[in-house]
Amino acid sequence: MSAAARTLRVPGRHGYAAEFSPYLPGRLACAAAQHYGIAGCGTLLILDQNESGLRVFRSFEWNDGLFDVTWSENNEHVLVTCSGDGSLQLWDTAKAAGPLQVYKEHTQEVYSVDWSQTRGEQLMVSGSWDQTIKLWDPTVGKSLCTFRGHESVIYSTIWSPHIPGCFASASGDQTLRIWDVKSTGVRIVVPAHQAEILSCDWCKYNENLLVTGAVDCSLRGWDLRNVRQPVFELLGHTYAIRRVKFSPFHASVLASCSYDFSVRFWNFSNPDPLLETVEHHTEFTCGLDLSLQSPTQVADCAWDETIKIYDPICLAMPA
């Protein structure tokens, strides 16, 4: 079992997303909602680690549930959340009150927001239950363009860490789609599962490799040069996979969290790919991130009102 987790309990708040700061070691943002996101307000928590555990550095309230969070790539204090009321919120951790700006165009819940990692462009992409994806420049009050094509709820929108202006989306329409901001049409459509796809992520070491996680309990790897069949499939979760993240440090390692309450670590290049199963939550596990600063550190959050930071044994050993 992994080394003891540092745990913060947040009464009455159900965790949806956790993201480590790309700047400050140990700083973590968590997007949470009251009443499992069905009703009530939302909270953005900024956490710091210390010897005794986790402490809240700052918390912000919003009048609807918060479902995702992303850090700015050009300002260590700035981050963006998305909400059940169809809006995005821009926050500054250096200020006690917020948000600094609200972007309200989506007509239904916004489930995903991601800030571009490509140097030289400061863009955000958001995915909504209104079946659209919107592109934003945080300095501009309205969206730059809207991408249409998905035929159901959009659960995940993630920028490529390699290709400027390229992002992926995953949807309840059972497809993974690849888009380019220079053309509003879709570049690639992958019928990735015969089930709703709740999450996708790009490999940090291979610009053509993505992973999807779906309600069918499977993770599938996709090489964009040939998407007729997956290059790997990882089985073991017993309920829907809610979020999947590639490791920033190991080319073939990834992590997934699920409605089966577990977090699983995998090396898809191994004959036996399951490295470790962590079962320290008692409810749906929704938020998951791997630290960019520490090769062994992982954060997650769940509907059991807890946020945890820990070091799985499998990441402490050479892959």
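The values are calculated or read from the model by the stated rules, or taken from the named source; none is laboratory data. These numbers come from a predicted model, not from an experiment. All accessible areas refer to the heavy atoms of the entire protein, side chains included, with ligands and DNA or RNA removed. Shrake-Rupley method; radii C 1.70, N 1.55, O 1.52, S 1.80 Å.
For Arg27, Arg58, what's the largest-to-smallest order of accessible area, 1.4 Å probe? Provide the component values of the computation, followed by the final result.
Values: Arg27 20, Arg58 60 Å².
Correct descending sequence by accessible area is Arg58, Arg27.
Per DSSP H run of n ≥ 4, the term is -39500 (n - 2.57); total these for the chain, divide by its residue number, and report the mean residue ellipticity at 222 nm rounded to 500 deg cm²/dmol. Kindly include the intermediate steps, with their values, before the conclusion.
Values: 1 runs with 4 residues, N = 319.
Calculated at 222 nm, the ellipticity per residue is 0 deg cm²/dmol.
Heavy atoms only, probe 1.4 Å: what % of the accessible area of the range 30-116 goes to carbon and sulfur, would you let me know? Intermediate values should be presented prior to the final figure.
On the way: 1510 of 3260 Å².
Here carbon and sulfur together make up 46 percent of the probe-accessible area.
Per residue and in Å³, how big is the convex hull formed by the alpha-carbon atoms of the range 190-247?
72
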Taking a ≥ b ≥ c as the square roots of the Cα gyration tensor eigenvalues, with a/c under 1.5 meaning rounded and otherwise prolate when a/b beats b/c, else oblate, which class fits the range 25-164?
oblate
As straight-line cross-link partners of Lys308, the qualifying lysines (C-alpha separation under 19 Å, not fewer than 8 residues apart within one chain) are Lys245
Ordered by residue, what ³J(HN,Hα) values in Hz, to whole numbers, does the range 209-214 give under the Karplus form 6.51 cos²θ - 1.76 cosθ + 1.60, where θ = phi - 60° and Gly and Pro are x?
10, 10, 10, 10, x, 9
If you split all Cα-Cα distances of the range 196-311 into 5 Å bins from zero, what percentages do you get per bin, shortest first?
2, 13, 24, 26, 21, 10, 4, 1, 0
The range 41-166, accessible area per residue, ligands and nucleic acids excluded (1.4 Å, Å²):
38
Probe 1.4 Å, all chains present, heavy atoms only: Lys104 accessible area in Å², nearest 10, is 120
Once you have all Cα-Cα distances for the range 113-248, histogram them in 10 Å bins from zero and send the whole-percent values.
13, 46, 33, 7, 0
Excluding residues on the same chain fewer than 8 positions from Lys95, give the lysines whose Cα lies under 24 Å from its Cα.
Lys104, Lys142
In the full protein assembly as shown, how much of Tyr23 is accessible to a 1.4 Å probe, in Å² to the nearest 10?
80
Just the number please: accessible area per residue for the range 210-268, 1.4 Å probe, all protein chains included, in Å².
34
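Based on the alpha-carbon set only, what is the convex hull volume of the chain divided per residue, in Å³? Provide the component values of the computation, followed by the final result.
Working: hull volume 37.5 nm³, N = 319.
Hull volume normalised by residue count: 118 Å³.
For the range 77-136, what class follows from the C-alpha gyration tensor (a ≥ b ≥ c being the square roots of its eigenvalues): rounded when a/c is under 1.5, otherwise prolate if a/b is larger than b/c, else oblate? Provide the component values of the computation, followed by the final result.
On the way: a/c = 2.60, a/b = 1.22, b/c = 2.13.
Note, shape of the range 77-136 comes out oblate.
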